[in-house]
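Reading through the structure tokens given below for one structure.
Values in this text are rule-based calculations from the coordinates and carry no lab data. Remember, it's a predicted structure, so these values are computed and weren't measured experimentally. Heads up, the Cβs are rebuilt from the backbone with ideal geometry, glycines too, and the neighbour counts pull from every protein chain shown.
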Amino acid sequence: MHGGKGFGGGEATRDPAPTYINPNDPKGKQQAIHKAESFAEYLAKRGGGGGATPSRPTSGRRPIVGGNWKCNPASPYDLPALVANINACDTSSCDVYVCPSPLHVGIVYQSFNNGAYVAPQNCNFKGCGAFTGEMAVDQMEAMGIKWCLIGHSERRGEFGLPTPAESNALLATKLAYILDKGLNCIFCIGEPLPIRENGIDAVMAECRAQLNEILPILRGLSDHSRVVIAYEPVWAIGTGVTASPMQAQETHAGIRQYLASAVSPQLAANIRIQYGGSANAANAPELSAQPDIDGFLVGGASLKPEFAQIVAAIAAAKASARF
Ligand code: PGA
């Protein structure tokens, strides 16, 4: 397992006043986001954001939580219990989606009775035809599926899959195809442990590298709710080691700041950014309280009844932030 220092859940790291310097600032002016500073606070300081900043910033972004079942369960007879976990979620104040394994999408896709969306874990970008082993966005569209997840680190080459790693260019092609077909997309990014060990500047450089190919697509996006960024530090996935709330907030705010400068302040303010990596019912409330965390992408805990508590935690946190 990853044994990184300083990534303990709950306890914030004590590295000295890290800042994120934006090298793409058009004015060449150094801009810094201090630890746990929200994007709203950042905008207020630099005089942007279109108005007064309330004492408790309201994002206006609807929370979103996804359950990634990955390659589980082994038996289809175990699917009803997993479907029940999703149907137990209160979706009145939070979007919910579930990513069944490819083999099980067709079994469960009509089983959700609370508005939860089905989001396959991958897709091709060519449509139907002679593409053995693939799932076409066109097939998803015909099944009424509205969301698709791409770019998970386990498809970007982490965790030893023997298949070729999916490149940033390939993922941009997939994203364009998904949006073109009218579906929405959860786009995953995140850094492996050696990059995190080099500090927040290295983390942000990696996040920028994973986002750069899709910037032209984001610039053309009129409905900013159609793309969700899932920030999942690789060292936190499946390890039981969660990013601390301050680490996650700092990175989410940095991603938002980058999107503000590279796409537009409007997209940056509207786009939802999920945290993923050992999220569970115990750590969801504190992570949910961070202003730039709009939801979770949940792996292991999405196979358990506690998934509904994660949805409830972020819905409650964002509801209370409105007052
Ligand atoms: P985890 O997985 O919650 O089990 O860490 C998250 C993910 O990979 O999406």
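What are the residues in the range 59-76 that are within 16 Å of the ligand (Cβ to nearest atom) and either hydrophobic (A, V, I, L, M, F, W, C) or outside any loop (DSSP other than H, G, I, E, B) (or both), if any?
Of everything in the range 59-76, those that are within 16 Å of the ligand (Cβ to nearest atom) and either hydrophobic (A, V, I, L, M, F, W, C) or outside any loop (DSSP other than H, G, I, E, B) (or both) turn out to be ILE64, VAL65, GLY66, GLY67, ASN68, TRP69, CYS71.
Looking at the range 249-278 only, could you name the residues that are within 12 Å of the chain's Cα centre (by Cα), assigned to a loop (DSSP other than H, G, I, E, B) and within 16 Å of the ligand (Cβ to nearest atom)?
Hit for the range 249-278 is GLY277, nothing else.
So ALA202 passes all but one of these: (1) in contact with a helix residue (DSSP H, G or I) (Cβ under 9 Å, 6 or more places away or on another chain); (2) within 16 Å of the ligand (Cβ to nearest atom); (3) among the aliphatic types (A, V, I, L, M). Which condition number does it fail?
Result: ALA202 fails condition (2) only.
Residue check, TYR258 against (1) hydroxyl-bearing (Ser, Thr, Tyr); (2) within 23 Å of PRO291 (Cα to Cα); (3) surrounded by fewer than 21 Cβ atoms within 10 Å (Cβ to Cβ), all met but one. Which one?
Against the list (1) hydroxyl-bearing (Ser, Thr, Tyr); (2) within 23 Å of PRO291 (Cα to Cα); (3) surrounded by fewer than 21 Cβ atoms within 10 Å (Cβ to Cβ), TYR258 comes up short only on (3).
Any residue in the range 142-158 that's at negative phi and within 16 Å of the ligand (Cβ to nearest atom): show its pairings with residues that are of a type in the set (A, V, I, L, M) and part of a strand (DSSP E or B) at Cβ separation under 7 Å, as long as the two are six or more apart or on different chains.
TRP147/ILE186; LEU149/ILE186
Does the range 215-233 hold any residues that are among the acidic types (Asp, Glu) and more than 16 Å from the ligand (Cβ to nearest atom), and which are they?
ASP223
Any residue in the range 234-248 that is more than 16 Å from the ligand (Cβ to nearest atom), closer than 21 Å to GLU197 by Cβ and among the aliphatic types (A, V, I, L, M)?
The answer is yes; a qualifying residue exists.
Out of everything in the range 282-313 that is within 17 Å of the chain's Cα centre (by Cα), within 12 Å of the ligand (Cβ to nearest atom) and part of a loop (DSSP other than H, G, I, E, B), what residue ends up being farthest from ARG226 (Cα to Cα)?
Among residues in the range 282-313 that are within 17 Å of the chain's Cα centre (by Cα), within 12 Å of the ligand (Cβ to nearest atom) and part of a loop (DSSP other than H, G, I, E, B), the one farthest from ARG226 (Cα to Cα) is ASN283.
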